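The values are calculated or read from the model by the stated rules, or taken from the named source; none is laboratory data. As the structure is a prediction and not an experimental result, all values here were calculated from the model. Note that each Cβ is placed from the backbone with ideal geometry, even for glycine, and that neighbours are counted across all protein chains shown. Note: accessible area is taken over every heavy atom of the protein model, side chains too, but ligands, DNA and RNA are not part of it. Shrake-Rupley method; radii C 1.70, N 1.55, O 1.52, S 1.80 Å.
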Amino acid sequence: MKKFLLGLICGITITASTAVYASDTIQTYLFPVRYEINGQNKEMEKEYSTLNYNGHAYVPIRFIAENMGAFVVYNEQNNEIKVNHFPASMDLLTDNKYPNIHFGLIDLYLDGGYTGIRGLLSLDDIEELIIKKEYKIDFKLNFYDKNNELIGSALGSTKYGSSDEKRTISMGEIKYVAAGEVGDFSKYAYMKLEILNIEEQK
C-alpha cells in the first residue's frame, strides 16, 4: 500500500510539472523559404531554420542582420541580443590614416557643463584572418564651428563600457561606444574623427 501511494504521488508530481512546462512551450513548423535581400539570393546555412508560428515567420536574427550589414552579439549573462548597424541616413566619419575605421554619431547630449556623445565604431575587415584578433582603439572627436575654428574635443575608447561587455573591437564588428568632455559642443558645424591609438590585444 505504501509503495502504491508513493508511486501515485510521484506520478501526480510528474504530471503537474509537465503541465507547467507545457504552458511555456509553443508549437511551430519548419518554414522552407528562400531569402532575397536587396535583389540578391542569400543561402541560409544548415545550422539556421525559419519557423512558422500562427502564420508568422520567425527568422534567425544573426543570419538576417548580418546579411543586412549589421553586427549581432549575444550577452549570455543578461540574456540579451544586441544588434548594431549604421542607418542609411547616418554620416560616417573616417580618419584618413585609418580608412578601415568608421564612426557614426547616434546622440550628443548636454549634462550640466559636460558634452556626452554616443555613437557606433566599426573596424572593417582588411584581410582574411584565421584567428579573430581583438583591438583596443582610442579616438578623439574634434568639433568645429562654421568658421573652421576648433571649439572642443571629446575623448573616447573601446575600453570603456559596462562590466558585462568585452571592451575591445574585432575585425568586422560594429560596436557601441561613448565619448565626452567638459564643455558645450552642441552648436558645432561639423566634427572630425581622429584615431589616437590602435592596439592589438594578446
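Structure notes:
- Residue ranking by accessible heavy-atom surface, 1.4 Å probe, largest first, among Phe86, Phe143, Phe31 comes out as Phe31, Phe86, Phe143.
- Extension gain for Asn52-Lys133 works out to 25.4 nm (0.36 nm per residue, less the C-alpha to C-alpha distance).
- Pairwise label distance in nanometres, Ile106 with Leu150, each label 7 Å out on the Cα-Cβ vector: 2.7 nm
- Environment charge of Gln40, counting only residues whose C-beta is closer than 14 Å and scoring Lys/Arg +1, Asp/Glu -1: -1
- When the surface is traced with a 1.4 Å probe over the full set of protein chains, Val72 keeps roughly 10 Å² accessible.
- The HN-Hα couplings worked out from phi for the stretch 107-124 by the Karplus form 6.51 cos²θ - 1.76 cosθ + 1.60 (θ = phi - 60°) are 7, 10, 9, 9, 10, x, x, 10, 9, x, 10, 10, x, 10, 10, 10, 10, 5 Hz, whole numbers, x standing for Gly and Pro.
- 26 Å Cα-Cα threshold exceeded, pairs from Lys42/Lys192; Lys159/Lys192; Lys82/Lys133: Lys42/Lys192
- Cut-off under 5 Å, modelled amide H: who pairs with Lys159 long-range: Ile137
- Subtracting the Cα-Cα distance of Asp24 and Gln77 from 0.36 nm times their residue separation leaves 16.9 nm of extension gain.
- Note on exposure: Arg118, Arg34 ranked by accessible area (1.4 Å probe, complete protein assembly) read Arg34, Arg118, with the most exposed listed first.
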